[in-house]
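Here's the structure we're looking at; comments come further down.
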Amino acid sequence: MSVLPTETVAALAVVPEGTYVDCTLGGAGHAGRIAAQLSPAGRLIGIDQDETAIAAAQVRLASAACRVSLVHDNFRNLTAILTAEGVSAVDGILFDLGVSSPQIDTAARGFSYMQDAPLDMRMDTSRLLSAHEVVNEYDEAELWRIFRDYGEERWAKRIAAFIAAARQEKPIETTGELVDIVCRAVPKGVRRAAGGHPAKRIFQAIRIEVNDELGILQASVENAVHALAPGGRIAILTFHSLEDRIVKQAFKELARGCICPPGLPVCVCGHEPKVRLVGKAQKPSAAEAAENPRAKSAKLRVAEKL
């Protein structure tokens, strides 16, 4: 289920004959809404590293009036993708950084701490690094760093130690085994007081590491803004504070004008802003959050190319 679907597509200010890129196609929920506003002269380019998502989108977008191109790739390669598609500039770009519902709900993908499955978590199943390698081959200090930095997990060090001890006896093969270890590592009283599932942040951290989600984000935002035509818009949906911090800072830097040292009587740097920020970060309504719990942490940020 797409998050903030109406608000996100409205933020792009779709022009019927324009060219738009959905960098995270997923189930094509947002892409379908964009395509519905495009004329036969318009174009939609959808990108996803998950072949299953590409196949589903082909079906969903088959009746679109506009020209549709679906690309199995990672949005880190946006510049090369647009070059290959013969596109020099676009009118709007969307990033939905959440894990799609089909990925979570397909137990075999190993994204969910609520279903027992082989440790995987690869969005692109052709990648070599999976959750199995991270959990079983990363040393204890590296696991601690990942859980602390990517999961913002208070008990990161203790959980890493419990994993290191458990795998001395046998490899950790499934999500269920990993959840059991995490639950043993986090004191029972803390688990009760915290409310949420104790493995949530650990699974988030491992997923980010497996898919290099944060490593590619800032550069991808800058590449996307470069690809926009003047007046074109970029809309980004984030789902945790780490992503949102990167996007917020990237937009802030791109919107910044003079970078001369304070105190100079006149500007000598010649630095000009590349975007203007469009409104404040939007959050889902209480009704949407109640209907779709995965939307609760979402934030939508929008900028327009100058």
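As a size descriptor, the averaged projected area of the C-alpha convex hull of the range 152-306 was calculated at 13.9 nm².
Can you list the lysines whose alpha carbon is less than 26 Å from that of K200, not counting same-chain residues fewer than 8 positions off? Once the sequence-local lysines are set aside, what remains near K200 is K157, K170, K188, K248, K283, K296, K299. Placing unit charges on the Cβ atoms only, positive for Lys and Arg and negative for Asp and Glu, gives the range 78-183 a dipole magnitude near 240 debye about its Cα centre. Between A165 and R184, the contour length at 0.36 nm per residue exceeds the alpha carbon distance by 5.6 nm. Helix 51-60 and the longest principal axis of the Cα set of the chain meet at an angle near 50°.
For the chain, the per residue solvent-accessible surface stands at 48 Å², with DNA, RNA and ligands left out and a 1.4 Å probe. Straight-line reach from K274: taking Cα to Cα under 19 Å and skipping same-chain neighbours fewer than 8 places apart, the aspartates and glutamates in range are D91, E222, E253, E304.
Taking amide hydrogens as placed 1.01 Å from N in the peptide plane, the amide H of T174 sits under 5 Å from those of L119, each at least 5 positions away in sequence or on another chain. Expressed as a whole percent, the accessible surface of the range 60-186 that belongs to carbon and sulfur atoms is 50, based on a 1.4 Å probe.
Ranking F75, Y150, F111 by how far each Cα lies toward the positive end of the dipole of the range 61-169 (charges on Cβ) leaves Y150 at the top.
Relative contact order for the range 11-105: 35 percent, from Cα pairs under 8 Å spaced at least 6 residues apart, divided by residue count.
Extension gain for the segment E85 to A36, taken as residue separation times 0.36 nm less the Cα-Cα distance, is 15.5 nm to one decimal. With the convex hull of the Cα atoms taken as the outline of the range 1-89, the averaged projected area works out to 5.3 nm².
Relative to its Kirkwood radius, the Cα radius of gyration of the range 217-305 gives an Rg/Rh of 1.09. The charge dipole of the range 74-139, taken about its Cα centre with unit charges on the Cβ atoms of Lys, Arg (+1), Asp and Glu (-1) only, comes to about 120 debye.
Over the chain, DSSP H runs of length four or greater, each weighted -39,500 (n - 2.57), average out per residue to a 222 nm ellipticity of -12500 deg cm²/dmol.
Can you list the residues of the range 4-24 with backbone N under 19 Å from a point 7 Å past the Cα of A286, pointing along Cα to Cβ? Of the residues in the range 4-24, 4 have backbone N under 19 Å from the label point off A286. Modelled this way, with points 7 Å down the Cα-to-C-beta line, the labels at L306 and L277 are 1.4 nm from one another. Taking all Cα-Cα distances within the chain, those exceeding 35 Å account for 26%. For the chain, find the longest principal axis of its Cα atoms and tell me its angle to the long axis of helix 200-211, 0 to 90°, nearest 10. Rounded to the nearest ten degrees, it is 60. When only the Cβ of Lys, Arg, Asp and Glu is charged (+1, +1, -1, -1), the dipole of the range 118-160 relative to its Cα centre reaches about 180 debye. Projecting the Cα atoms of P230, T52, V275 onto the charge dipole of the chain, computed from C-beta unit charges around the Cα centre, puts V275 farthest toward the positive end. So what's the angle, to the nearest 10 degrees on a 0 to 90 scale, between helix 156-169 and the longest Cα principal axis of the chain? Taking the Cα atoms of the chain, the angle to 156-169 is about 60 degrees.
The values are calculated or read from the model by the stated rules, or taken from the named source; none is laboratory data. For clarity, every value in this text was computed on a predicted model and none was experimentally measured. In this analysis, Cβ positions are derived from the backbone assuming ideal geometry, glycine residues included, and neighbour counts consider all displayed protein chains. What goes into the accessible areas is simple: the full protein's heavy atoms, side chains included, and nothing from ligands, DNA or RNA. Shrake-Rupley method; radii C 1.70, N 1.55, O 1.52, S 1.80 Å.
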